[in-house]
Amino acid sequence: MTEIGFYHLQKGSVAEALPRLLEKAVAGGFRVLVRTPSQDEAETLSRALWTFDPASFLPHGTAADGWEAEQPIYLTGGEENPNHADLACQVGGAEVVALDGFKRAVDMFDGRDEAATAAARERWKRYRAAGHTVIYWQQKPGGGWEKKA
């Protein structure tokens, strides 16, 4: 079963918080699929990843960039997994339908949005009932993440 980490944003946006997690994932040898609610949002997030830190390079792409199979991080609004990722990141309420093909997953949600929080709770219950390991991470006021029970 897949280990799913729920990341509860309390400040900032996905575009501000996700890049640091992606850096750690790539450094850890993961190939990553980032699933967004739409292809337009995937393109917007891609642009944010190019500019989040001028001193950093985070290799990634979308269908518009081509070379899908070679992308260490592939962003999409669809269901494909052309880079054979072993880490799935779900953002903005988007879901990867078949998580069993992934070693790990990240479900990042905006805790300031009641509907997003309620939807994350439902996903948590569903994943747990399906036998996945679920872990809850809460964003700290100064940044970073704290694992909660």
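Suppose the chain between Lys11 and Arg126 were pulled fully straight at 0.36 nm per residue; how much longer would it get relative to their current alpha carbon spacing?
38.8 nm
Once amide H atoms are built 1.01 Å from N in the peptide plane, which residues 5 or more positions from Phe6, or in another chain, come under 5 Å H to H?
Excluding prolines and chain starts, which carry no amide H, the hits are Asp107, Ile135, Tyr136, Trp137.
Please identify the chymotrypsin sites (Phe, Trp or Tyr not before Pro) of region 17-89 that satisfy two criteria: DSSP loop assignment and at most 14 other Cβ atoms within 10 Å. Which are they?
For chymotrypsin sites (Phe, Trp or Tyr not before Pro) across region 17-89 that sit outside H, G, I, E and B with at most 14 neighbouring Cβ atoms in 10 Å, the list reads Phe57, Trp67.
Just to check I understand the Karplus step: with θ = phi - 60° and J = 6.51 cos²θ - 1.76 cosθ + 1.60, what whole-Hz values come out for region 78-91, glycine and proline as x?
x, 9, 6, 9, x, 8, 6, 5, 10, 10, 9, 10, 10, 10
Here are some values of percent of Cα pairs over 20 Å apart: (i) 63; (ii) 47; (iii) 44. Which one was computed from this structure?
Computed from these coordinates, percent of Cα pairs over 20 Å apart corresponds to label (iii).
From the phi angles alone, apply the Karplus equation (6.51, -1.76, 1.60; θ = phi - 60°) to region 136-149 and give each ³J(HN,Hα) in whole Hz, x where the residue is Gly or Pro.
So the Karplus estimates, Gly and Pro as x, are 10, 10, 10, 5, 7, x, x, x, x, 10, 10, 6, 10, 6 Hz.
Find which of Met108, His132, His84 sits farthest along the positive direction of the dipole of the chain, computed with +1 on the beta-carbon of Lys and Arg, -1 on that of Asp and Glu, about the Cα centre.
Going by the Cα projections, it comes out as His132.
Picking from Ala130, Ala63, Ala116, which is most flexible by a Gaussian network model of the chain using Cα springs under 10 Å?
Checking each option, the largest mean-square fluctuation is seen for Ala130.
Explain nothing, just the number: dipole magnitude of the chain about its Cα centre with +1 on each Lys and Arg Cβ and -1 on each Asp and Glu Cβ, in debye rounded to the nearest 20.
In total the dipole reaches around 780 debye.
Which of Lys125/Lys147; Lys11/Lys103; Lys24/Lys103; Lys103/Lys140 have a Cα-Cα distance over 20 Å?
Violating the 20 Å Cα-Cα cut-off are Lys11/Lys103; Lys103/Lys140.
Values in this text are rule-based calculations from the coordinates and carry no lab data. Here the structure is a predicted model, which is why all the values come from computation and not from measurement. Cβ coordinates were reconstructed from backbone atoms using ideal geometry, including for glycine residues, and neighbour counts include every protein chain displayed.
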